[in-house]
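Single-structure report; data block below.
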Amino acid sequence: MVSCDSYRMTPITEVEGRRVSLSNLDKVLYPATGTTKGEVLHYYAATAGGVILPHLRDRPVSFLRYPDGPGGQLFFTKNPPPGTPAWVATAAVPRSEDRAARQVVVRDLASLMWAANLVVEFHTPQWRTDTPEVADRMVFDLDPGSPATVVECCAVALWLRERLAADGLFAYGKTSGSKGLHLLVPLEAAPSGEVSAYAKRLAVEAEAALPGLALHRMRRALRPGKVFVDFSQNAAAKTTATPYTLRARPEPTVSAPVTWDEIAGCQEAGDLVFRAGDMAARLDLHGDLLAPLNDPERARPLPV
């Protein structure tokens, strides 16, 4: 339950029994659409809260903060921000440079609203806090090099879907919320290093099968007109934009789950652009298209 003492005058909200201090609710964060911070918080409270939480829960969260909007200063942080309330959960995480490192774990709506008030993108690894560096999902970040767009990403995604299916794996898609597409695969627990090695193998295969379209190397000189199949986000230290997070883009675009029919039918880059205001209707229509990622029955062993 979310209840506001006063939307404009007293920026204190009670969320499931926790009192969360809010600020600058009328501040315009996305000038292109006039979207205010209050509208951003409403998106997480009223639209995305029920579906983003399962993808955040039990995973250490990294924040890309953009408190003055996407045109202002952006900074990435893994450490709990100063002033983090005592009731916000944190967990120890492996970090070679800091043996005592901890990160925020967003387990409930109150924690989500506290974090959203900081104006952040949510980023999470492919493992959970109780099994650090042991992945329960795999990700491919399909990143187009201009003039390629998400249309070309969709062609690569369809190839990867079939290749993964040949190994008995299920793949699910979401937009990056920027230019590209993410494919996510539920796995039985496997060391992150092994998942990275398998993902790299498939990226290399994609380049061989689609030589004019797919690329597994990051070199900028090779990128124009092709889709970089980024497998590196499977490394234990890497993170990916969490499903349903808003992005620090000119408009309040969402890293939104999409159907395979939408991927197969994508003809223009704008076909797979979804903003905060689009998500309520999509959730009414589809529910959480990525719910299978949290279903143990969908997890399959990593191929050897």
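The values are calculated or read from the model by the stated rules, or taken from the named source; none is laboratory data. Please read these numbers as outputs of a predicted model, since none were measured by experiment. A quick note on method: Cβ atoms are made from the backbone with ideal geometry, for glycine too, and the neighbour counts reach across all protein chains shown. The protein model used for the area step is the full one, side chains on, heavy atoms only, and it has no ligands, DNA or RNA in it. Shrake-Rupley method; radii C 1.70, N 1.55, O 1.52, S 1.80 Å.
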Of the residues F274, F228, which single one is over 16 Å from the mean Cα position of the chain (by Cα), open to solvent by less than 50 Å² (accessible area, probe 1.4 Å), of a type in the set (F, W, Y) and modelled with pLDDT of 95 or more?
-> F228
Candidate set: region 31-72, residues that are basic (K, R) and either in a helix (DSSP H, G or I) or open to solvent by 40 Å² or more (accessible area, probe 1.4 Å) (or both); chosen: the one nearest to L289 (Cα to Cα) | R57
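Residues checked against (1) out of contact with any Cys (no Cβ under 9 Å at 6 or more places or on another chain); (2) at pLDDT below 95; (3) surrounded by fewer than 17 Cβ atoms within 10 Å (Cβ to Cβ); (4) β-branched (V, I, T):
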| site | (1), (2), (3), (4) |
| --- | --- |
| P81 | yes, yes, yes, no |
| W87 | yes, no, yes, no |
| P94 | yes, yes, yes, no |
| Q103 | yes, no, no, no |
| A110 | yes, no, no, no |
| A116 | yes, no, no, no |
| F122 | yes, no, no, no |
When (1) open to solvent by less than 40 Å² (accessible area, probe 1.4 Å); (2) closer than 17 Å to L184 by Cβ; (3) among the aliphatic types (A, V, I, L, M) are applied to L246, the one that fails is (2)
Quick check: is even one residue across region 43-66 out of contact with any helix residue (DSSP H, G or I) (no Cβ under 8 Å at 6 or more places or on another chain) and over 21 Å from A256 (Cα atoms)?
-> no
Is there a residue in region 153-173 that is crowded, with 23+ Cβ neighbours inside 10 Å, in a strand (DSSP E or B) and within 17 Å of the chain's Cα centre (by Cα)?
-> yes
Can you tell me which residues in region 179-204 are out of contact with any strand residue (DSSP E or B) (no Cβ under 7 Å at 6 or more places or on another chain) and open to solvent by 30 Å² or more (accessible area, probe 1.4 Å)?
-> G193, E194, A197, K200, R201, V204
